[in-house]
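The values are calculated or read from the model by the stated rules, or taken from the named source; none is laboratory data. Computed from a prediction, not measured in an experiment: that's the story for all the values here. Quick reminder, even Gly has a Cβ in these numbers, built from the backbone with ideal geometry, and neighbours come from all protein chains shown. SASA here: full protein model, heavy atoms, side chains in, ligands and nucleic acids out. Shrake-Rupley method; radii C 1.70, N 1.55, O 1.52, S 1.80 Å.
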Amino acid sequence: MVVLSRVLLLALVFLVASATLVHAKGKTPAPEEEGDEGDEGDDLVAEKGGKKQLEVGEVTYDARSLMINGRRKLFFSGSIHYPRSTVEMWPDLLKKAKLGGLNVIETYVFWNLHEPVKGKFNFEGNADVVKFIRLVQEHKMYVTLRVGPFIQAEWNHGGLPYWLREEPDIIFRSDNPSYKHHMETFVTKIIAMMKHEKLFAPQGGPIILAQIENEYTHVQLAYKELGNSYIQWAANMALSQNAGVPWIMCKQKDAPDPVINTCNGRHCGDTFTGPNKPHKPTLWTENWTAQYRVFGDPPSQRSAEDIAFSVARFFSKDGTLTNYYMYHGGTNFGRTSAIFTTTRYYDEAPLDEYGLQREPKWGHLKDLHRALNLCKKPFFAGTPGVQRLGKETEARFYERPGTDICVAFLANNHSTIETTVNWRGQEYFLPPHSISILPDCKTVVFNSQQIVSQHNSRNFVRSKAANKFNWERFSEPIPTTVQIPVNHKSPQELYHLLKDATDYGWFTSSLELGPYDLPMKESIRPVLRIPSLGHAMSVFVNGEFVGTEHGSHAEKGFVFERPVTFKQGVNHISLLCMTVGLPDSGAYMEHRYAGPRTVTVLGLNTGTIDLSQNGWGHRVGLNGENLQVFTKKGAQKVQWTKAAGKGRALTWYKANFEAPEGKDPVAIRMAGMGKGMIWVNGKSIGRHWMSFLSPLGQPTQSEYHIPRAFIEPGENFLVVLEEQEADPKDIEILTVNRDTICAISTEMHPPHVKSWERKGGELKTVGPVSGASAQLMCPNLKKIVGVDFASFGTPEGMCGAYKPGKCDSPATRKVVEEHCLGQTSCAVPVDPRLFFKADPCPDINIKTLAIQVTCAF
């Protein structure tokens with residue numbers, strides 16, 4: 001969102017980028033590569049009956065770009081991971097991606113999703129990668145398939161199946177025979193599947209690039225020579241698959257030829273050292289649209305302006321493919337998130353967790369894509385150049401001498417000061433940290449810092465139908481050595497014990513104390529001390545809850561230390577040890593460990609007692625998990641009681657709820673709860689963790705997505721496993737919308753980029769070019785039903801929180817209502833004559849129009 005004080009700095013537009021164009025070698029690109037289309041046009045070819053389809057065929061490359069059938073293209077790509085949404089959501093997500101100007105979808109292949117048990121494969125439901133890829137092609141977009149099979153991706157175990165960890169003598173991601181065997185077997189299966197389904201571009205499918213490994217540079221040195229030989233082997237193994245499309249390695253400077261090394265990061269136009277061979281193109285595989293969150297994190301975001309600046313710079317420096325990571329982050333359902341990672345993933349992407357368009361990020365990037373598409377002809381036909389315009393300003397351009405073929409990027413690299421530059425005899429205003437795009441080296445059609453697209457605000461609305469809960473609860477039995485007898489001398493390592501089948505493992509032991517062992521003074525109490533390698537632990541003594549402790553993403557380990565009450569005779573110690581996802585990055589992942597290291601009791605008359613070798617019982621999972629009480633059938637196997645007040649730690653809660661009204665996405669707000677998991681109709685929507693507060697004193701995530709596909713008409717079954725003492729009375733079912741939309745425009749804003757097109761090799765206007773206007777469009781064909789705010793003058797704040805400034809026209813609301821009420825979309829001219837008979841604040845040279853409206857059916 002843009003704060004209006006900054007809007008006043010934005011008068012025209014205009015920035016820079018850079019390029020070193022290398023002409024295509026080998027096959028001469030077709031003349032059509034320099035086409036005149038301003039959007040998707042040259043990605044499509046006519047088929048029989050005049051119906052246009054995605055152009056597919058031979059994929060080649062040279063130093064300048066990737067080519068499809070010898071035709072150069074600009075590629076605007078977005079990451080959408082098929083298992084992080086439901087099958088029912090895929091069409092809408094892909095439709096919005098296409099409307100946003102994308103022509104490529106990038107996805108990983110998730111090994112542990114597809115082969116959770118060695119030799120047993122799953123490609124059903126939202127694991128149906130073939131169906132997803134076909135759907136991408138139906139939406140006339142290409143695919144980059146990141147096979148990995150190590151993917152990181154903040155996904156559990158970086159995509160590697162747990163069973164791989166227990167293969168004899170294995171060392172992940174190194175020149176290790178066992179790992180290479182299993183990796184090659186899986187890669188071969190995936191590539192063979194894609195070939196069989198004819199999904200590679202030369203076969204008529206949409207896949208134009210494939211990726212092997214993932215950011216291996218980060219760990220390569222740890223493996224020394226075995227790392228160097230492994231990366232060579234991985235590249236050769238991938239090439240031997242004969243996929244028929246180029247292979248890439250991201251962040252891999254030594255990617256073996258002909259594999260293309262690509263950039264990941266926020267500002268690859270400045271940080272990428274470039275292809276490692278002169279015949280390879282400049283590609284950007286991860287442009288981070290925000291920052292993924294882990295539990296305990298405060299909010300984080302990345303502005304639309306900064307993303308647009310980075311993309312414009314990258315394309316001005318020979319870039320021809322950028323991929324937004326993520327374009328839609330989605331949801332880490334069940335136990336799929338990596339260590340301490342939130343259930344919500346990259347919610348700040350252009351499409352938020354619920355698949356709603358986050359404005360202005362979605363719209364501003366759409367405008368950027370159109371602006372860059374207007375530049376295709378000079379991009380590929382011109383010769384690059386750069387000219388310094390000032391200390392912090394520059395022009396980068398592509399031009400064919402003696403013709404009108406020319407594109408320029410005017411850049412102001414200063415982060416806080418706007419400026420005016422003279423470029424070829426004409427002055428251009430440049431806001432701070434901005435790039436203006438001039439597809440004909442004369443006309444500004446886009447500026448990265450000046451947003452013309454609308455803004456919106458997300459609303460969570462309490463469902464009228466769904467919140468009539470009658471909560472019941474069932475307390476998980478606390479086992480002792482009677483139920484879980486001693487089966488090992490010391491506490492076992494937690495990863496090995498659980499084998500990623502559950503988050504939960506019980507450790508039981510006992511301690512017999514005589515009357516002289518216990519402290520005599522009331523001021524002295526025994527203390528239980530348990531250093532742990534992570535991730536979390538709840539402690540019970542004689543069936544009573546003592547407390548809980550946990551680590552963090554930054555420091556997985558912790559020390560549990562609490563006073564406890566012992567009795568004479570036998571005392572039972574029960575530890576519920578927990579994982580919160582498996583690690584997804586770093587070297588030697590197969591040698592990571594979790595769980596208690598030692599167990600000691602301090603403060604006894606007999607001194608400190610070390611129970612680490614006392615004999616321990618172990619059991620995997622909770623009783624409720626084993627009985628599947630989160631299903632209607634399983635819930636009948638235990639006795640439930642009415643939930644009144646705060647429940648004991650480690651309690652299951654259940655209730656029924658009616659399907660929420662309407663068609664908007666659905667969420668559950670876990671107010672009053674601590675930590676655990678949530679199921680709807682037997683399907684896990686992920687981990688909740690409300691008690692792990694950020695430094696700002698708030699939970700990192702309060703609302704959890706319930707996909708509409710999980711919800712049945714009529715009554716639905718909700719189960720919550722709560723690890724801590726809590727009361728479910730404040731839990732709410734919500735519907736989610738972005739029906740609050742806003743527009744901000746100044747008198748100096750330029751026309752929208754859609755006012756131009758390229759025809760006959762020339763940049764031309766599309767009809768009469770109007771002046772600045774505030775444009776609004778409701779989502780899903782809803783109509784504007786109310787004007788919440790309208791001010792012309794010096795309004796302050798941002799979408800969802802506007803207020804009038806010192807200069808304000810009382811007529812603004814009436815003007816906006818006349819233009820917009822009852823309409824699906826509207827445009828309000830930024831014309832002072834509409835708002836003032838006599839200007840009450842002539843000292844304000846540039847006035848701003850800010851509008852906020854509500855959309856509804």
(message) Compute and list, largest first, the equivalent-ellipsoid semi-axes of the range 38-118 from the alpha carbon gyration tensor, each √(5λ) rounded to a whole angstrom.
(response) 28, 18, 13
(message) Is there a quick way to get the dipole size of the chain? I mean about its Cα centre, with the Cβ of Lys and Arg at +1 and of Asp and Glu at -1; what is the value in debye to the nearest 20?
(response) 680
(message) So I have (i) 52, 35, 24; (ii) 48, 30, 27; (iii) 78, 47, 27, and one of them is semi-axes √(5λ) of the Cα gyration tensor in Å calculated from this model. Which one is it?
(response) (i)
(request) Skip the ligands, DNA and RNA, and give the accessible area per residue of the range 609-740 with a 1.4 Å probe, whole Å². (result) 38
(message) Accessible area of the chain with a 1.4 Å probe: how many percent of it is carbon plus sulfur?
(response) 51
(message) Lone cysteines in the chain, defined as no other cysteine's Cβ under 4.7 Å from theirs: which are they?
(response) Cys250, Cys375, Cys577
(request) Work through the residues other than Ile530 whose Cβ is under 10 Å from its Cβ and net out their charges, Lys, Arg +1 and Asp, Glu -1. (result) +1
(request) Counting helices only, and only those DSSP H runs with n ≥ 4, report the 222 nm mean residue ellipticity of the chain as the sum of -39,500 (n - 2.57) divided by its residues, in deg cm²/dmol to the nearest 500. (result) -4000 deg cm²/dmol
(request) At a temperature of 10 °C and a viscosity of 1.306 mPa s, determine how fast the range 751-814 diffuses translationally according to Stokes-Einstein, using the Kirkwood radius over alpha-carbon pairs as Rh; express D in µm²/s, rounded to the nearest whole number. (result) 106
(request) With unit charges on the beta carbon (Lys/Arg positive, Asp/Glu negative), name the residue among Cys577, Leu513, Thr598 whose Cα is farthest towards the positive pole of the charge dipole of the range 511-648. (result) Cys577
(request) Return the long-range amide H neighbours of Thr289 (sequence gap of 5 or more, or a different chain), with a cut-off of under 5 Å between placed amide H atoms. (result) Tyr325, Met326
(request) Report, in whole Å, the centroid distance computed from the Cα atoms of the range 250-292 and the range 114-171. (result) 23
(message) Give me the 1.4 Å probe accessible area per residue for the range 483-546, excluding ligands and nucleic acids, in Å².
(response) 46
(message) Leaving ligands and nucleic acids out of the surface, order Glu167, Glu476, Glu544 by accessible area at 1.4 Å, largest first.
(response) Glu544, Glu167, Glu476
(request) Would you kindly find the accessible area of Ile417, with a 1.4 Å probe and non-protein molecules such as ligands, DNA and RNA excluded, rounding to the nearest 10 Å²? (result) 90
(request) Considering Cα pairs under 8 angstrom that are at least six residues apart, work out the relative contact order of the chain and quote it in whole percent. (result) 14
(message) How much accessible area per residue does the range 304-360 have, counting only protein heavy atoms and a probe of 1.4 Å, in square angstrom?
(response) 9
(request) Provide, for q = 0.11, 0.18 Å⁻¹, the log10 of I(q)/I(0) from a solvent-free Debye sum over equal Cα point scatterers in the range 575-697. (result) -0.65, -1.26
(request) Go through 843-856, 442-455, 94-107 and give me the packing order, highest mean Cβ count within 10 Å leading. (result) 442-455, 94-107, 843-856
(request) Compute the separation of the alpha-carbon centres of the range 326-343 and the range 713-753 and state it in Å as a whole number. (result) 18
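Note down the relative contact order for the range 728-857 as a percent, whole number, built from C-alpha pairs under 8 angstrom at least six residues apart.
Values: 245 pairs, mean separation 48.2, N = 130.
It rounds to 37 percent for the range 728-857.
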(request) Using packing as a proxy for protection, rank 623-631, 636-644 so that the peptide with the highest average count of other Cβ atoms within 10 Å comes first. (result) 623-631, 636-644
(request) Of the DSSP beta bridges with both residues in the chain, give the percent that are antiparallel, rounding to the nearest 5. (result) 80
(request) Taking amide H positions as placed in the peptide plane 1.01 Å from N, state which residues far from Asn456 in sequence (5 or more) or on other chains have amide H under 5 Å from it. (result) Glu359, Cys742
(request) Could you pull the accessible area for Trp362 with a 1.4 Å probe, rounded to 10 Å²? (result) 20
(request) Could you sort 319-329, 796-806, 379-389, 115-125 so that the peptide with the highest average Cβ count within 10 Å comes first and the rest follow in order? (result) 319-329, 379-389, 796-806, 115-125
(request) Provide, for q = 0.17 Å⁻¹, the log10 of I(q)/I(0) from a solvent-free Debye sum over equal Cα point scatterers in the range 390-548. (result) -1.12
(message) I need the chymotrypsin sites (Phe, Trp or Tyr not before Pro) found in the range 506-540, filtered to DSSP loop residues with at most 10 other beta carbons within 10 Å of theirs.
(response) Tyr516
(request) Any chance you could check the Cα centroid distance between the range 606-641 and the range 373-397 for me, in angstrom? (result) 66
(request) Using the Kirkwood radius over Cα pairs, work out the Stokes-Einstein diffusion coefficient for the range 202-336 at 37 °C and 0.692 mPa s, in µm²/s as a whole number. (result) 198
(request) Rank Gly319, Val541, Val720 by how far each Cα sits towards the positive end of the charge dipole of the chain (+1 on Lys, Arg Cβ; -1 on Asp, Glu Cβ) and give me just the farthest. (result) Val720
